Structure formats: structure tokens, C-alpha cells
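The values are calculated or read from the model by the stated rules, or taken from the named source; none is laboratory data. Because the structure is a prediction, the values reported are computed rather than measured. SASA here: full protein model, heavy atoms, side chains in, ligands and nucleic acids out. Shrake-Rupley method; radii C 1.70, N 1.55, O 1.52, S 1.80 Å.
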Amino acid sequence: MRPRTLLALLLVVPLVDALFLIVVAERLGWPTTVALVVLTAVLG
């Protein structure tokens with residue numbers, strides 16, 4: 001994989017993840033979202 005492609009992925013993937021968390025938090029509420037993130041961290 002080319003270095004530019006790898007750098008782009010390293011920048012885009014966390015940004016998409018953060019935006020996804022914001023969308024989920026707006027739908028479910030922040031406490032539920034935080035609980036889900038902690039639960040997946042514990043299970044992972």
C-alpha cells in the first residue's frame with residue numbers, strides 16, 4: 001500500500017468513527033452511547 005493511501009486512511013477512519021459516535025449519541029442519548037462504548041471495550 002502506498003504511504004499516501006495509508007496516511008489518508010489513518011486520518012479518515014477515526015474521523016468517520018467519531019462522526020458515527022455523534023450520530024448514535026443523538027439518536028440514543030449520550031449516557032447510552034458511553035455505556036455501549038465502555039461495554040464494547042470490556043468485551044473486546
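In table form, for the structure just shown:
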item: C-alpha long axis of helix 30-43 to longest principal axis of the chain, angle in °; result: 70 degrees
item: Rounded to 10°, Cα long-axis angle of helix 3-28 versus longest principal axis of the chain; result: 20 degrees
item: Per residue, in Å², the accessible surface of the chain once ligands and nucleic acids are set aside, probe 1.4 Å; result: 91 Å²
item: Share of carbon and sulfur in the accessible heavy-atom surface of the chain [1.4 Å probe, %]; result: 76 percent
